[in-house]
1. Using a Förster radius of 35 Å, what is the FRET efficiency between Gln74 and Ile519 based on their Cβ-Cβ separation? Nearest 0.05, please.
2. For Lys675, give me every one of the lysines with a C-alpha distance below 25 angstrom, ignoring sequence neighbours fewer than eight places off in its own chain.
3. Where in the stretch 119-148 does the amide nitrogen come within less than 17 Å of the point 7 Å from the Cα of Thr186, taken along Cα to Cβ?
4. Leaving out same-chain residues fewer than 8 places away, which aspartates and glutamates sit with a Cα under 12 Å from that of Lys49?
5. Determine ³J(HN,Hα), in whole Hz, for all residues of the stretch 527-537 in sequence, where each value follows from phi through the Karplus function 6.51 cos²θ - 1.76 cosθ + 1.60 and θ = phi - 60°; x replaces Gly and Pro.
6. Which cross-chain or sequence-distant (5 or more) residues have an amide H under 5 Å from the amide H of Ser626, H modelled 1.01 Å from N in plane?
7. For a quick check: sort Val602, Val623 by the number of other beta carbons within 10 angstrom, fewest at the front.
8. Ranking Arg652, Arg435, Arg324 by Cβ neighbours within 10 Å, fewest first, what do you get?
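Throughout, read-outs are computed from the coordinates displayed, never taken from laboratory work. This structure is a prediction, so every number in the text was calculated from the model and none was measured. Cβ atoms come from the backbone with ideal geometry, glycine included; neighbour counts cover every protein chain shown.
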Amino acid sequence: PANDAGAYDAAVRVLAQTGQDGLAMSAVQKASALAGPSLQGQRSLGNLKATLAAAQADRMRQAGQFAPAFDLLQAAWNDAPGNEEILSALARLYQSGGLNAQAAQTFRMLLAQKPADRDAMVGLIDTASASGDTDTARAVAQQAIQTHPADYRVYMAAARMAQTRGSDGDAARYLKTARALYMRETGMAPGAVMANGNPFAAAPQSANPFRAMAAPQPVNPFALGSNPAALPAPYAPPMGFAPQQPAGSAYAPPTPAAMPAYPPAPGYATAGLPGMAAPAPYYGDPAVGMANLPADPVLAEIDRQLQQSAEESGPRVDVDTGYRSRSGETGLSKLREMTGGASLSAPVAGGRAGIKATAVVLDSGRPTGSGLARFGTNATPEAQGIVDEQPSQLADAETQHQSGVAVTASYVSKLLKLEAGVTPLGFPKEHVTGRIELTPRLSTNATARIWADRKPVTDSIIAYAGTDDPRSGAFWGAVMKSGGGLSLSYDRNGNGVYADGSFYHYDGTAVRDNDSVEINAGGYLRAWQNARSGVSVGFNVNYQNYDNNQNYFTYGHGGYFSPQSFLSVNFPIRYWTNDGPMSIQASVAPGYQSYDQQGEPVYPTEPGAQGVLDFLKSQNSDVRSSYDSISKTGFGLSASGAISYRVSPNTRLGGELNINTFGEYKEFKTLIGLKQNIGGN
């Protein structure tokens, strides 16, 4: 029989780690009877309780029960202050709960007691990197590699750190070393994969690595001998504490960047899609299809990260084609747009530099009937005909059609985004475009975004390209918006809130200047999630205000939706899934909107022509010399879907579909894109 409390250590450890808490508690109670009042005995008893508490807390953590796990560890700490297992379990709990700064501090405390502890080093690398302390993460990674030069787990942690910094080349080198070390450790031949998912295929036939080992003897916790050396080896700590995916943890598969979850991009009116950024081809989570991955889970994870690093560390070609259809009046607000783009990018200074050319074709049809009378300066002959009680002599307009090629150069990193370019060359008037955006991380969970840009308004042909007056031949339109904004967001475990505000100034040729203010805010909750799929629900409130109403098509108006007040409330529901080579996103956001547009003169920039209309109005009240004010309230809906399929390790095909009814017009968008990495891994 055991004669001191410490002899129960191995038994309690094995029973606790296998979930046999009842037997483990019985062993602790037996040890308590042997501990006695001595300091050594009470310390041994406290360590046994700490071992059991750490194992129980780990199971609670993996089940998402963070608060009970914390309470349990805190109580155990009072019995065994300074216990390494309590520290380790607490650090893992902080990490899984998204409290990376606290996790990093706890891993530091653990390393102060055990400077060479591999798992604590790996944990500190991950949590320091996640909390923005890149200097500490880099220093600990170098120290871990020196201390454990043949451990693949250390190199995987270093690779994750490099990916966080945006250094994909370094990440790829670390991952290749990790792969080689893992294959050497497991006895796999270089390049070997488990054929057909057979875990025995990598070893020679009839080679049993356990045959030469002595069979382990079962442990009877109620008949322990006095020789602790005869007990099984103590339980080894779990392999690293790098990102996991327990229920309720912060390590769920991310929402693909091509479909921002929250917050919506500013500029509802000009984008035509409240809450939706300008579309880009959706390629899903950068992961290799399961058919191309080794069946071994560690090799699969290394290869997945290698593929991701290869995509970001090498040259890449992207091509896409899109179609946009906007409801409205033929020749005026109605718009059909076709685009085709090609870009080439390569890694530069921790980010990607690239150049893109986008062919744009716009078509609105030919203004006729009453629409022709509200186009250019045709309102004047219409008014004269009404006064003279004669048919109006309107000037026929050409079909509204424009085409050109826009060119943009860009640099994008995790912190900084720079763009410079021109509106489509071939349009009647060309403008310089640009954007600068900073996305600093304020804390582990909080992020800010600050931007300033100048870009075209794309609501109509008049707004985007401009056109000629059919009577005078004078050009008007081609509206640009210049301004910027600030956005703040907070996300923890897939739940978060956000708010942003922006200000823009609008100017164009022979068009009245305008200013706008937009405020956008909301929140979201993770409603359901497993290892491959998830659902989130949320709410969004958007308010916009423009100084004047430019939503008309006579000379001097810009032809873009610019309400004097716009308020929408919607409730986004988003679903995502990543299943092997295929990734799917879908969202729907029903809600309500209310807006009003003030009345405006027919010719806001031409006092002489407007004076003529006012005089004719005094002669006959049927003459239109100004536009009436409008207010509307009703239901709105935006919906989107995206799919991505990995055709090969270096090629992905993606597509998007978007529908939106918020604002004055209904808009439909589609986009299909191909992403091709140059070279291979």
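1. 0.25
2. Of all the lysines, those that pass the test against Lys675 - Cα under 25 Å, at least 8 places apart if same chain - are Lys176, Lys356, Lys414, Lys417.
3. none
4. Counting by Cα, and skipping residues close in sequence, Lys49 has these aspartates and glutamates nearby: Asp9, Asp21, Asp79, Glu85.
5. So the J values, rounded to whole Hz, are 7, 7, 6, 10, 5, 10, 9, x, 9, 10, 10.
6. Under 5 Å from the amide H of Ser626 lie the amide H atoms of Val602, each far enough along the sequence or on another chain.
7. Val623, Val602
8. Listed from fewest to most nearby Cβ atoms, that is Arg435, Arg324, Arg652.
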